[in-house]
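Structure record follows, encoded as structure tokens.
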Amino acid sequence: MKRIDVSRREFLRASSALSILGPVAAPFGVNLATIGAAAAQTTTPPTDYKALVCVFMFGGNDASNMVLPTDTDSWTRYQAARNQGAQPIALMPAGTPPDTTAARGTPAFLGGVLPITLKTAQAFPAGTAGSGARPFALHPLLTNLQSIFTQGKVAIVANVGTLLTPTTKAQYQGKQVPLPRSLFSHNDQQSEWQSGAAEGARIGWAGQMGDLLASANGANSIFTAISTAGNAVMLAGNSILQYQVSASGAVGINGISNASLYGTNSGPAALRAVITTPSSSSVYPSDYAAVVNRSISAGSTLNTALAGVTVVAPTQYTNPITGNAATNPLATQLQTVAHIIAAAPALGAKRQIFFVSIGGFDTHANQNNVQPNLMAQLDHGLAYFYTTLSGLGLADSVTAFTMSEFARTFTTNGLGTDHAWGSHHLVVGGAVKGGDMYNQFPTVGVDLGGFNNPNAVGSGALIPTVAVDQYAATLGAWFGVTPANLATIFPNLAGFTPATLGFV
């Protein structure tokens, strides 16, 4: 019997992957696979509500222009490395007014970086002169996040990246420790961040957390792991898989949700009967028909719950490159997430994990015309999301966090930046211990003229000093995953100290 159950589960997974329902219904086909049985409960079911929201920045965000040390040594090396080439990308010092006559997107047009004051002062690292508190700033277009940081609801986690074991510069250069596969490959590092394994991984860390806590969501455990951005291995568990949604809610089959089909009111019901009636009495058609029927019902359940609540729609943002008001696709995704979170009581959900994304960060060229707009969207989207949840009284229950497959080189190639490694990330929410930076911000700069950066190699690629495992485990601990289960999800976690970072 056990052998049959396993093969049936694999059949349903394969059915989803092959999009049996056709290309138009592909997201619906993926949703079929989420109708599996919940994992055995291994923790006490929670009674409160919590949600994690991953904002994945596809392409590799240039974090060196998102969070910046502004002490004299760091700023001098920053300007020397980035104020070069046909399109210099070095941002202007704090307090520099925007030059509206400059070309849009250029550092002069954007104006100075935005100073922030940390609650806990950071010392100056090796190779950087200075005394007292090391000063920092944000990208000029992160004005809303600067304000929320000051309110203590945004935290910065410095120099995070994929690691198998703590790694020093000497160990990296001497090939003395194992490294993640294909460090500078988009697909592999996207997978590493989401699953701890290179491209081809089938199980993600958030999906495994969903396995453990889905029982808290009762009959609607299908809504444990939800993506607004297509397939994400991060949300795939051993029994829990992602449920894909669109801006309007559940993704269904054209015709079934309509009032009529082919001119008759009985058409939708007839179509449902056709696709949910087994073609034979054998086990696979029967199972498949039952799962299709339950998935259709789940879509109806979600849309009914969404109809019972409303959330404020995001305003448009100003595209800094065109100067025009525009719809922010990230904010639209986050509106959908906020809507589902507001409907959680109607769904009986206690633990949910969401995946949204924003792309375009692979700025090898034309960075001045690309990254400013992405920073504007990130700022607008996260600020909208936090403000909306605050208005619903849910800000303390939801933690949003950024991820990206890697950062970019400290030096410019003349038009933009290339693939690097360690990066800086933002965590936003009412439960976040914000207004602060977690982990020592590294020494910046490239080895040149007798200067040897202990934290970077090559063109200024930072060697991470915090592993993705620690970053994700910190989120998981807040979410309700026990230390023992975190050690199972992140088998390399025992090699890192501390295991969790305390930012939430």
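The values are calculated or read from the model by the stated rules, or taken from the named source; none is laboratory data. Since this is a predicted model, take the numbers as computed values, not measurements. All Cβ positions, even for glycine, are placed from backbone atoms using ideal geometry, and neighbour counts span all protein chains on display. Side chains included, ligands, DNA and RNA excluded: accessible areas come from the protein's heavy atoms. Shrake-Rupley method; radii C 1.70, N 1.55, O 1.52, S 1.80 Å.
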Quick one: dipole size for the chain, taken about the Cα centre, charges +1 on Lys/Arg Cβ and -1 on Asp/Glu Cβ, in debye to the nearest 20. 700
Solvent exposure ordering (accessible area, 1.4 Å, most first) of 374, 394: 394, 374
Normalising by the residue count of region 351-504, find the relative contact order in percent from Cα pairs under 8 Å and 6+ residues apart. 19
Of 50, 350, ordered by accessible area with the largest first and a 1.4 Å probe, the sequence is 350, 50
Would you work out the relative contact order for the chain, in percent, from Cα pairs under 8 angstrom that are 6 or more residues apart? 26
Region 115-187: relative contact order as a whole-number percent, Cα under 8 Å and 6+ apart: 21
Report the net charge of residues surrounding residue 489, where surrounding means a beta-carbon distance below 14 angstrom and charges are Lys +1, Arg +1, Asp -1, Glu -1. -2
Could you calculate, for the chain, the ratio of the Cα radius of gyration to the Kirkwood radius, expressed as Rg to Rh? 1.00
Placing +1 on each Lys and Arg Cβ and -1 on each Asp and Glu Cβ in the chain, then taking the dipole about the Cα centre, the residue among 467, 395, 110 whose Cα reaches farthest towards the positive end is 395
Give the percent of DSSP beta bridges with both residues in the chain that are antiparallel, rounded to the nearest 5. 50
What translational diffusion coefficient, to the nearest whole µm²/s, does region 356-504 have by Stokes-Einstein, given a Kirkwood radius computed over alpha-carbon pairs, a temperature of 25 °C and 0.890 mPa s viscosity? 141
Expressed to two decimals, region 36-167 has a Cα Rg over Rh, using the Kirkwood radius, of 1.08
Mind checking the dipole of region 330-424: about its Cα centre, +1 per Lys or Arg Cβ, -1 per Asp or Glu Cβ, Debye to the nearest 20? 260
Residue (of 54, 376, 74) at the positive-pole extreme of the chain, dipole from beta-carbon charges: 54
Which of the lysines could a cross-linker span from residue 433 if the Cα-Cα distance has to be under 23 Å and same-chain partners fewer than 8 positions apart are dropped? 50, 119, 153, 350
Portion, in percent, of the accessible area of region 113-228 that falls on carbon or sulfur, probe 1.4 Å: 52
